[in-house]
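Visitor: Before I ask anything, let me first share the structure, which is written out below as structure tokens.
The values are calculated or read from the model by the stated rules, or taken from the named source; none is laboratory data. These numbers come from a predicted model, not from an experiment. Note that we place each Cβ from the backbone using ideal geometry, even for glycine, and neighbour counts take in every protein chain shown. Accessible surface is based on the protein model in full, side chains and every heavy atom, while ligands, DNA and RNA are left aside. Shrake-Rupley method; radii C 1.70, N 1.55, O 1.52, S 1.80 Å.
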Amino acid sequence: MSWLVKNQMRPADVLELDDVHDAANAAGVDKQRFEKLLGRGVQLGFAVEEWNRNGIWIVCRSDDDYPTRYRERLKKLAPPILYGVGDKSLMAGGGVAIVGSRNVDAAGEEFAREVAAWCATGNNPVISGGARGVDKTAMEGALRAGGTVVGVLADSLLKTSVSRNARDAIAENQLLLISHCHPKARFTVGTAMGRNKLIYAMADAGLVVSSEYKKGGTWAGAEEELKRKSPQPVFVRNGPGSPIGNTRLQELGAVPFPDRWQDLDPRCLHKIIDDAQSRSLAQKTPLFPVEVVSTDDPPSEATVNGKAKPSNVGDSIPTAMTAYDAVLELLLYSLAEPLTVNEVSERLQAKKNQVQDWLNQAVSESRVVKLTRPTRYQRHCGSQYL
């Protein structure tokens, strides 16, 4: 695909090349495999005809109606081909990606359904993965409220699209199903993981209803998004009953979903997202708080005529604390898993060279272990951070 883009060609142009061997060499593809794939044109034609009979269409990354969000946000990671059923205009995306575990509790299921319906009343699309649990609950909640839904599937597009409920919603232009996998593909962990970034990239923000800690596709997808250079806003269900995974995602940068969201106007979704993020950042305590003393204040009891007042016996004597001393606890807490210098810098919101100095000192004190290939750091098994 990179070779096609570089030469300003579309996939169909390959069929008209005079010398496919030169094209195979230039693209770095095995010649025999290249010829074999090109020879399957007849089989492909029959397959496409069958898909078309069932309403399935295909778009390539070079097509005008390919999702702009995927091109701009995923760059080279955007899938070269998408299969879909439904109104292509819904690929414009927007709205909220509502995701969560398959085995969600009753409170989480109700939350997913109500938030999805709330989004629908504000004409905000709901994007999800179509899996059992939170995904299907959210999609059904939005459809019943008259909203639009984009289901990004990792398998069984053909089977899902011909179900009665899906067909009715597709006919009403409420539902769009897309997949980066063959329409008859079966579920695999790999395709499910690859689907996660497509869900987030299609939306304005993500909402994790229920996530296990460091386990499952919901955690992996949210973590992957939060670690991107320019991530989409990721919210989590907060409060009593929310799983530990939701809390841990906040440590990676996720934001609690507004407590009184029912009282907010869903038509102002973008403002709600911006306000929630701003409040979250404002509530975070600075890593190194600085006490500002006004020069207009009268001298304290500790000074007399601008000079330090002698301390009495028994007075506490302050101990000098370096930046390393202040950050050590947080540093060790962050290094429960191996991290690179850049990852530690992002978590602590500190400069890379400063973080490197802290890590070097922690290694010299045997509090942190330096790993290689690639270079990462992890808390020593005997180190305590509390």
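Visitor: Please report the carbon-and-sulfur percent of the accessible area for the range 127-250; probe 1.4 Å, protein heavy atoms only, DNA, RNA and ligands left out.
Guide: 50 percent
Visitor: Sticking with this structure for a sec: Residues of the range 324-371: accessible area per residue at 1.4 Å, in Å²?
Guide: 52 Å²
Visitor: Then there's this: Round to the nearest 0.05 the FRET efficiency obtained for Y324 and K227 when R0 = 35 Å and r is the Cβ-Cβ distance.
Guide: 0.85
Visitor: Keeping all protein chains in position, work out how much accessible area H270 exposes to a 1.4 Å probe, and write it in Å² to the nearest 10.
Guide: 120 Å²
Visitor: Further question on the same structure: Projecting each Cα onto the charge dipole of the range 148-287 (Lys/Arg +1, Asp/Glu -1 at the beta carbon, about the Cα centre), which of P258, T191, A205 comes out farthest on the positive side?
Guide: Checked the options; the winner is T191.
Visitor: Ordering K370, K197, K351 from largest to smallest accessible area (1.4 angstrom probe), what's the sequence?
Guide: Output order, biggest surface exposure first: K351, K370, K197.
Visitor: Would you mind putting 339-349, 84-94, 142-152 in packing order, based on average other-beta-carbon counts within 10 Å, highest first?
Guide: In descending order of packing, they fall as 142-152, 84-94, 339-349.
Visitor: Compute the distance in nm between two label points, each set 7 Å from the Cα along the Cα-to-Cβ direction, one at I244 and one at T188.
Guide: Going from the I244 label point to the T188 one covers 3.2 nm.
Visitor: Please list, in chain and number order, the residues 5+ apart from V255 or on another chain whose amide H is under 5 Å from its amide H, with Hs placed from the backbone.
Guide: For V255, the qualifying residues are V234, F235, V236.
Visitor: Taking the Cα centre of the range 190-239 as origin, sum charge times position over the Cβ atoms of Lys and Arg (+1) and Asp and Glu (-1), and report the length of that vector in debye to the nearest 20.
Guide: Using only the charged Cβ atoms, the result is roughly 120 debye.
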